[in-house]
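Enquirer: Attaching a single structure in structure tokens format; questions to follow.
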């Protein structure tokens, strides 16, 4: 009887803890997904299924060998959409499609450059895509001022301030239609933007071993 009485406070505490846990889980609001592009956090309201890593030297025409944050992965390349011209050591985003196959590969290293146009006196106007998930304007005083970027399922998400007050942040989601060392074309169902390379590549310098 004494042993049972001693256990009663412990049982009551366990019951209260379980009740509080259930209550919190029941009324907890769903959270937006925090997507980590490279070094910074950008809030994205869509689940990103892509896998991020660095191209390994075991990659070939048929296989993509990837060093991820804490693992190594291998993907089969059977008619995937390749965005950019990746080399060994480049950072990429891989959108898988099951059975160890890659549906889309985006070369993040090639994306991180200064893009835009030049006016009649050769002055560049555009933006720089930087490694910390930020966008730096280059002599841009009239166009839309983007300040952040991310990749979500291989699509390009650009953040900018909405309206003249520039208080609310909104995002434009674009498909990367073309990515070469000197050309970037992005667009959606209503518009297409074409840019040329106006500066140096801004990604972390790594020794290139081979080209796919």
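Enquirer: Just checking, which of 66, 151 is free of Cβ contacts under 8 Å to residues at least 60 places away in the same chain and either part of a strand (DSSP E or B) or touching a helix residue (DSSP H, G or I) at 6+ places or on another chain (Cβ under 9 Å) (or both)?
Expert: Matching residue, one of 66, 151: 66.
Enquirer: Can you confirm whether residue 183 is surrounded by fewer than 17 Cβ atoms within 10 Å (Cβ to Cβ), closer than 23 Å to residue 85 by Cβ and either modelled with pLDDT of 95 or more or over 17 Å from the mean Cα position of the chain (by Cα) (or both)?
Expert: yes
Enquirer: Conditions: (1) in a loop (DSSP other than H, G, I, E, B); (2) under 27 Å from residue 136 (Cα atoms). Residue 92 meets all but one. Number of the miss?
Expert: Result: residue 92 fails condition (1) only.
Enquirer: Right, another one. Which residues, counting only those in region 91-100, are in contact (Cβ under 8 Å) with a residue 24 or more places away in the chain and more than 18 Å from residue 152 (Cα to Cα)?
Expert: Once the filter is applied, which keeps residues that are in contact (Cβ under 8 Å) with a residue 24 or more places away in the chain and more than 18 Å from residue 152 (Cα to Cα), region 91-100 yields only 100.
Enquirer: Something else: Taking residue 204 as the residue in question, decide whether it is outside any strand (DSSP E or B) and at pLDDT 90 or above.
Expert: Judged against the criteria, residue 204 is not a match.
Enquirer: Is region 43-62 home to any residue that is in a strand (DSSP E or B) and at pLDDT below 85?
Expert: yes
Enquirer: Another question, then. State all residues of region 43-59 that are farther than 28 Å from residue 148 by Cβ and without any contact (Cβ under 8 Å) to a residue 40 or more places away in the chain; if no residue qualifies, say none.
Expert: 56, 58
Enquirer: Give the residues of region 102-124 that are free of Cβ contacts under 8 Å to residues at least 60 places away in the same chain and either surrounded by fewer than 18 Cβ atoms within 10 Å (Cβ to Cβ) or not in a strand (DSSP E or B) (or both), sorted by residue number.
Expert: 119, 120, 121, 122, 123
The values are calculated or read from the model by the stated rules, or taken from the named source; none is laboratory data. Everything quoted here is computed from the prediction, not taken from an experiment. Note that each Cβ is placed from the backbone with ideal geometry, even for glycine, and that neighbours are counted across all protein chains shown.
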